[in-house]
1. Can you give me the relative contact order of the chain as a percent, contacts being Cα pairs under 8 Å and 6 or more apart?
2. Could you tally the net charge around LYS70, taking each other residue with its Cβ under 14 Å from the Cβ of LYS70, Lys/Arg +1 and Asp/Glu -1?
3. Counting only C-alpha contacts under 8 Å and six or more residues apart, can you give the relative contact order of region 151-286 as a whole percent?
4. Beta carbons within 10 angstrom, averaged per residue: use that to sort the peptides 38-44, 11-17, 95-101, highest first.
5. Along the principal axes of its C-alpha atoms, what lengths does the chain span, in descending order and rounded to whole Å?
6. Cross-link candidates for LYS201: which aspartates and glutamates have Cα within less than 12 Å, leaving aside residues fewer than 8 places away along the same chain?
7. What would the Debye equation give as log₁₀ I(q)/I(0) for region 151-286 at q = 0.10, 0.18, 0.19 Å⁻¹, counting only Cα atoms as equal point scatterers?
8. Computed from the mean reciprocal separation of all distinct C-alpha pairs, what Kirkwood hydrodynamic radius does region 91-196 have, in Å?
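Please treat every number below as a calculation from the coordinates, not as lab data. None of these values were measured; they are calculated from a predicted model. Please note: Cβ atoms are built from the backbone with ideal geometry, for glycine as well, and neighbour counts cover all protein chains shown.
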Amino acid sequence: MSLDSSGISWTDGTLNSLYGCAECSVGCRLCYAVGRVYRNSHNPKRNGDGCFDGLVKNGRFTGKLLFDPKHLYAVLKKRKSKMIFVNEFSDLLHESLPMELILEHVQVFQAAYWDQFQVLTKRSHRLAALNKSVLAEFGSWPENLWLGVSVCSGAKLEMQRIEHLGATAAAVKWISCEPWVSDMNVPLRKTFPSLRRMLRKNKIAWTVVGGESGPRADTSLMTLDDAQYLLKESKAAGSRVHFKQLGTALAIQLGVYSTRGKGEHRAKGGHPDQWPEGLNIREWPEVSWKSLAGRPQFNPAYNSDQRKRYRLAARQK
Ligand code: SF4
């Protein structure tokens, strides 16, 4: 995974300026980032200075973070326009990250206007404060920053993130319903008949839908009915939609699970020929891509020492 490549269907590359996190949602149960960060802590090339130590303990994140400014500022050297997913091993709005470091990210995204930055958070309780700070500091949200929230089930705690996002003035708002964990007793269309209205009211431009991937016996199910409902209501609300994968459990249930076909993600039901009719739709929001012509000088107001990695202590909500 790098700025120029990614195995994620909805992006072109990943920017990893942060490592470390803490579980905060049903969607965190099989978080793949834990294993990756743990492996980094045992890699002498990556952890020669001990910076990765203590981010993971007993197989779980501790809430401590590592900030690596070099990776953030690397986007300014890029020339080819891409979609870039921000921090797959952390959460940019994590409680342990001070607001000024979040604003430093926003400033760099604004300066790298030829790219589209896809930010995704589960910490939507920080969005109101971030919105205020961004407007005070920059006047408006950068057009090339897609601000998104993860919504992993129909529970109130998950769905309210859409309202928090809607209250911001971000230029592009999106939701990722991945991993979607269905309630086995009642379909989403019954518990949440007002989804379309909610998405329209909060101006959600893009919805990504996917089931949970992981070990065969352990993954939660996204029901086919919930997947269809999420896509249909998003479309009806005017959002672009992107179906990512069935997830392991639904692929097994539909009889299309397979471990063959390297790179095709068949074990998580990520290949279009595994999908029932109507799911094969992969769109992106309509945005304007800017060319590099007339690129102005970048004068950073926030300027971390790019040679130094920073450890950030765990902080609670
Ligand atoms: S918020 Fe994301 S990175 Fe953090 S624990 Fe949950 S799934 Fe993992």
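1. 18 percent
2. +2
3. 22 percent
4. Ranked by mean Cβ neighbours within 10 Å, highest first: 11-17, 95-101, 38-44.
5. Extents along the principal axes: 52, 43, 37 Å.
6. GLU163
7. -0.31, -0.96, -1.05
8. Computed over region 91-196, the radius equals 14.7 Å.
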